[in-house]
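These notes are about the structure you will find just below.
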Amino acid sequence: MGTESERRETRKAMAYDLHKIIDREPAKESYTKEEIKKLIDVYVETANQT
């Protein structure tokens, strides 16, 4: 499971990655709750493929 420090770094990396994904569509200024959940789902699925 890793140390608390490793878990904290993982959470920071995930937040950063999600920011980058959201910024890919600069014209889109807002997201619905469902769109955010879908982004997270795709991120998690993709992260598990490595």
*Taking Ala47 and the conditions (1) under 13 Å from the mean Cα position of the chain (by Cα); (2) open to solvent by less than 100 Å² (accessible area, probe 1.4 Å); (3) modelled with pLDDT of 90 or more, which numbered condition does it fall short on, given that it satisfies the others?*
(3)
*asked:* Any residue that is open to solvent by less than 100 Å² (accessible area, probe 1.4 Å), assigned to a helix (DSSP H, G or I), free of Cβ contacts under 8 Å to residues at least 60 places away in the same chain and basic (Lys, Arg) - is there at least one of those in the range 12-28?
replied: no
*asked:* Could you go through the range 29-43 and let me know if any residue there is open to solvent by less than 70 Å² (accessible area, probe 1.4 Å), at pLDDT 90 or above and outside any helix (DSSP H, G or I).
replied: yes
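The values are calculated or read from the model by the stated rules, or taken from the named source; none is laboratory data. Please read these numbers as outputs of a predicted model, since none were measured by experiment. As a convention, Cβ positions derive from the backbone with ideal geometry for all residues, glycine included, and neighbour counts pool all protein chains shown. Ligands, DNA and RNA are stripped out before the accessible areas are found, and what is left, the full protein with its side chains, is counted by its heavy atoms. Shrake-Rupley method; radii C 1.70, N 1.55, O 1.52, S 1.80 Å.
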